[in-house]
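Asks: This structure is in structure tokens; I'll ask about it shortly.
Quick note: the coordinates plus some simple rules give every number you see, no bench work behind them. Here the structure is a predicted model, which is why all the values come from computation and not from measurement. Note that we place each Cβ from the backbone using ideal geometry, even for glycine, and neighbour counts take in every protein chain shown.
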Amino acid sequence: MLPLFRFTSMTLLRFFFLFLISSFPLITIAQLGGRTGYTFLEVPVSARQAAIGGTNVSVLDRNVAMGYQNPALLNDSIHKHVSFTYQPYFADIKKSTLFGAYSLKKKGMLSAGLNYFDYGTINETDPSGNATGVVFHPQEYAIIVGYARSQGPFSMGVNGKFVHSSIETYHATAVMVDFGALYKHPKEQLTVGLVFRNVGFNLNNYVKGQQVNLPFDIQLGSTFKPAHMPLRLSLTANHLYTMNVVYNDPSLNVKVNLDGTTSPIPTTISDKILRHFVVGGELIFTKNFHALFGYNFLMRRELKLQSKAGPAGFSWGFMLRVKKFDVSFTRAYYSILGGTSYFTLGLNINEWIKK
């Protein structure tokens, strides 16, 4: 057996923490100023992920795309599974993702994928708004390679990502790594996942000397299904590297004092805490049909209007298995004006190959 695969859970755990300790300087730099690039990496890559709130690191099932969120979710049940998602986003933006997985048996799981954003065609204008005749085609993509291995109730995984962003003549490229861990209860249908996402460095920036901050995140979540109920619930916390993720618009989130001056409206502690959480659920009517729903606290608080919130932050969808296909659809809402749809098609190559 090759030395590469002589890993035990303890070996992987030591390597995991060693990597994190060595990466803390990069993590700190990435968060300065609170602004990041490559934000397309935070958009859900499958209908199922979008339906259960947009963020989930603990659903262990036959869904190869969930390995993008937490590489430790890669498991033997998705051997030779392929998943394709198409999302018509806002303003003629289109998003496509493709993922596949292959089992190395006792040596672990491998996965590969592509996350692609197409921003359409944009006409360049001068500061006065006059067309210059130049047309450009912005795009962003990430090429992902993942590996996971399990031992006992624990699984650990890693995703390596090559990320590129192109806007007119400006280009940025980065290498990022996700490290994930998963605990599966030996008797109950309970899983707990932990992920350190988008740790890495830039290969080049849009403008020389101006660093592009990476969208680093720490996410922790749990999924539980009661033994005799057709319901699976998930609770996920994100942005755990900081307490305050609130953005208060100084022109909107203010109150007028008696003397005519204005002062900002403070955010309560409970509001700050709740913005870290995402709730997701699945109603399991049969093994071939699941109804999905989710609620994202941060999305609702940040995207609602002052006078009316509408459906912002809510999402719903379904997963249907028909013969050799898995078909998923989701509708996720981002404002009072509506949202966007996700379409995912999955298939098991094993079922298409005659033995």
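Asks: What does the charge count near THR97 come to, summing +1 for each Lys or Arg and -1 for each Asp or Glu among other residues with Cβ under 14 Å from its Cβ?
Replies: On the way: positive: ARG48, LYS94, LYS95, LYS161; negative: GLU42, ASP118, GLU140.
Residues near THR97 contribute +1 overall.
Asks: Further question on the same structure: Quote to one decimal, in nm, the extra length available between GLU168 and LYS208 on full extension: 0.36 nm per residue of separation minus the C-alpha distance between them. Don't skip to the answer; put the middle values down first.
Replies: Numbers: separation 40, 0.36 × 40 = 14.40 nm, distance 1.55 nm.
The GLU168-LYS208 span can extend by a further 12.8 nm.
Asks: By a straight-distance test (C-alpha under 27 Å), which lysines pair with LYS272 as possible cross-link partners, with residues fewer than eight away in the same chain excluded?
Replies: LYS255, LYS304, LYS308
Asks: To continue, here is another question. Identify which of PRO266, PRO138, PRO186 has the largest mean-square fluctuation in a Gaussian network model of the chain, with springs joining Cα atoms closer than 10 Å.
Replies: PRO266
Asks: Based on other C-beta atoms within 10 Å, arrange HIS228, HIS137 from fewest to most.
Replies: Numbers: HIS228 5, HIS137 12.
With the fewest neighbours first, HIS228, HIS137 line up as HIS228, HIS137.
Asks: How far, in degrees from 0 to 90, does helix 9-31 lean away from the longest principal axis of the Cα atoms of the chain, to the nearest 10?
Replies: Long axis of 9-31 versus the principal axis of the chain: about 10 degrees.
Asks: Kindly provide the helix-only [θ] at 222 nm of the chain, computed as the sum of -39,500 (n - 2.57) over DSSP H runs of four or more divided by all residues, to the nearest 500 deg cm²/dmol? List each step's numbers first, then the result.
Replies: On the way: 6 runs with 49 residues, N = 355.
Mean residue ellipticity at 222 nm (helix-derived): -3500 deg cm²/dmol.
Asks: Build a GNM of the chain with springs between Cα atoms under 10 Å: which of LEU110, LEU303, LEU73 gets the top mean-square fluctuation?
Replies: It is LEU303.
Asks: Among LYS80/LYS323; LYS184/LYS323; LYS80/LYS184; LYS161/LYS184; LYS95/LYS287, which pairs are too far apart, with a Cα-Cα distance over 21 Å?
Replies: Values: LYS80/LYS323 16 Å; LYS184/LYS323 29 Å; LYS80/LYS184 23 Å; LYS161/LYS184 26 Å; LYS95/LYS287 29 Å.
In this structure, LYS184/LYS323; LYS80/LYS184; LYS161/LYS184; LYS95/LYS287 exceed 21 Å between Cα atoms.
Asks: What net charge do the residues around ASN348 carry, taking every other residue with its C-beta under 12 Å from that of ASN348, with Lys and Arg at +1 and Asp and Glu at -1? Before the final figure, lay out each step's value.
Replies: Values: positive: ARG62, LYS80, ARG321, LYS323, LYS324; negative: ASP326, GLU351.
Its environment carries a net charge of +3.
Asks: What shape does the range 99-171 have by the C-alpha gyration tensor, where a ≥ b ≥ c are the square roots of the eigenvalues, rounded means a/c under 1.5, and otherwise prolate means a/b greater than b/c and oblate the rest? Walk me through the intermediate numbers first.
Replies: Numbers: a/c = 5.63, a/b = 4.37, b/c = 1.29.
Prolate is the answer for the range 99-171, as a/c is 1.5 or above and a/b outweighs b/c.
Asks: Relative contact order of the range 292-342: what whole-number percent is it, with Cα pairs under 8 angstrom and at least 6 residues apart? Write down the numbers at each step before the final one.
Replies: Values: 99 pairs, mean separation 17.5, N = 51.
For the range 292-342, the relative contact order is 34 percent.
Asks: Calculate the tail of P(r) for the range 238-335: the fraction of all Cα-Cα distances greater than 17 Å, expressed in %. Each step should come with its number before you reach the end.
Replies: Numbers: 3079 of 4753 pairs.
Percentage above 17 Å: 65.
Asks: Let me ask another. How many percent of Cα pairs in the chain exceed 32 Å?
Replies: Numbers: 21688 of 62835 pairs.
That fraction is 35 percent.
Asks: What is the fewest-to-most order of ILE265, ILE353 by other Cβ atoms lying within 10 Å of their Cβ? Before the final figure, lay out the partial values.
Replies: Numbers: ILE265 11, ILE353 8.
Fewest-to-most ranking of ILE265, ILE353: ILE353, ILE265.
Asks: Please report the net charge: other residues with Cβ closer than 11 Å to the Cβ of HIS137, K and R +1, D and E -1.
Replies: Details: positive: none; negative: ASP118, GLU168.
Net of charged neighbours comes to -2.
Asks: With springs only between Cα atoms under 10 Å apart, run a GNM on the chain and tell me which of MET243, MET299, MET229 wobbles the most.
Replies: It is MET229.
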